[in-house]
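First the structure, in the form of structure tokens, and then the observations on it.
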Amino acid sequence: MPLQKNQILTLRIERLSSDGSGVAHSADGEAVFVPGTAPGDEARVRIVKDCGRYAFGILDELLTPYLHQQLVDEIELLDGAAEEFDLDKVLRGELSPVFFGSALTNFGVEPFLENFLRLTPTPLARVDSLTGETVDPCRDEFSAFIFKIQANMNKAHRDRIAFMRICSGKFERGMEAYHVQEGKNIKLATGTQLMAQDRAIVDEAYAGDIIGLFDPGIFSIGDTLCTGKKKVQFAGIPTFSPEHFARIEQKDTMKRKQFVKGMEQIAQEGAIQIFREVGGGMEEVVVGVVGVLQLEVLEYRLNTEYNVEIRMQQLPFEQLRWVQNDPDTYNLRDLDLTSDTKAVEDMKGNRLLLFTSDWAVRWAETHNESLQLSEFGNI
């Protein structure tokens, strides 16, 4: 039975709509939009317009004013603590919008998804690091870069997925693309789209889309894929300097193969950084992480995913610097360093120095005038 104009209903507000109005349902299941109310409010509502499957009402009396006042107070607190929303700043990367809700109780999920679609900008042009020119996302030639790698997403198959963001052109399943870092063409046999635990095969994708590619071990974070006569290459993703270090070795020497595979795969995901003695092997490695929790995650994953138990010894290093000098002409053994400074190399052969304090860093810089150090490296 349709609702009548000026009809009075007592409703309980269930959620918010995308414009901030409270949403309730009548006894017949018809949705009623009521501005000025919030989830949890119980209100007496006057119907002003019925549209068949939904209706609009106005607040006649709030029956739970204490809950409404609590919401108003919390919103005022957020208004005072947060910056005013500015879409231009969001698009420039100077401001991040924050949404509040609960997926468990299905509160705020729909408004978030609707506003996410409304606020999300069109794909932005990226810069070709070879020429300095921007790559138009609307151009016909395909280009993309790998920004994340995840191993063992399906433990039964030990699979490895490389996540790729398309920057221009069109992806088609089975197409060939040029892998810039490898210097050869590869076939992109299958694209995968993931939503929670569900997977779907992707036949086509366009600029701005993110798809997963099966990775047999050929991709690294920051790799570029492209088509066309004119090759492009996007800048690598910066590697931030770790703040915590530990020496790692396997307990069972018979499981060396699993240990090496696990360490390398987890490092390729970007979760940890692996260092070893210059010219040394993987029998004993130094692991660098940004947070201590990552060391616990490493130990857990090696045990559960690779069946490897490890010994872990915390190291006193606090600072790490990449050596920018030419490795063919600059010998680290000739440097004047403090006794507790350690020279290592990463998995790609880049040379680094580990320091125990800021003072040790300054010593290295002041006593070695030609030494060039950087706090960041490229993956």
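Shown for 367, 179: other C-beta atoms within 10 Å of each C-beta, ranked fewest to most, produce the order 367, 179. Based on DSSP H segments of at least four residues, each scored -39500 (n - 2.57), the chain has a per-residue ellipticity at 222 nm of -5500 deg cm²/dmol.
Legend: calculated FRET efficiency, residue 77 to residue 258, from the Cβ-Cβ distance at R0 = 56 Å, rounded to 0.05, equals 0.65. The angle between the Cα long axis of helix 293-305 and the longest principal axis of the Cα atoms of the chain comes to about 80 degrees, rounded to the nearest 10.
3J(HN,Hα) along the stretch 43-52: 9, 8, 10, 9, 6, 10, 7, 10, 10, x Hz, from the Karplus curve 6.51 cos²θ - 1.76 cosθ + 1.60 with θ = phi - 60°, whole Hz, x for Gly and Pro.
Taking N as the residue count of the stretch 195-354, its C-alpha radius of gyration divided by 2.2 N^0.38 Å amounts to 1.23. Residue-wise HN-Hα couplings along the stretch 197-207, as the Karplus relation 6.51 cos²θ - 1.76 cosθ + 1.60 with θ = phi - 60° gives them from phi, are 8, 8, 10, 9, 6, 9, 8, 9, 7, 10, 3 Hz; Gly and Pro carry x. Label positions at residue 343 and residue 104, each projected 7 Å from the Cα along the C-beta direction, are separated by 5.4 nm. For the chain, the longest principal axis of the Cα atoms and the long axis of helix 256-268 meet at an angle of about 50 degrees.
Taking the square roots of 5 times each eigenvalue of the Cα gyration tensor of the chain, largest first, gives ellipsoid semi-axes of 52, 27, 23 Å. With each label modelled as a point 7 angstrom along the Cα→C-beta vector, the residue 277-residue 10 pair spans 8.1 nm.
Across the stretch 360-368, coupling constants 3J(HN,Hα) worked out from phi with the 6.51/-1.76/1.60 Karplus curve, θ = phi - 60°, read 5, 5, 4, 4, 4, 6, 7, 9, 9 Hz, and Gly and Pro carry x. Each pair of Cα atoms in the stretch 36-153 enters the Kirkwood radius, and Stokes-Einstein at 37 °C and 0.692 mPa s then converts it into a translational diffusion coefficient of 169 µm²/s. Take every DSSP beta bridge whose two residues both sit in the chain, then give the antiparallel share in percent to the nearest 5. DSSP beta bridges in the chain are roughly 95 percent antiparallel. Here the stretch 290-313 is scanned for amide nitrogen atoms under 12 Å from the site 7 Å beyond the Cα of residue 243 along Cα-to-Cβ, giving 290-293.
Every number in this text was worked out from the coordinates using simple rules, so none of it is lab data. Model, not experiment: these values are computed from the prediction. FYI the Cβ positions are ideal-geometry reconstructions off the backbone, even for glycines, and counts take in every protein chain you see.
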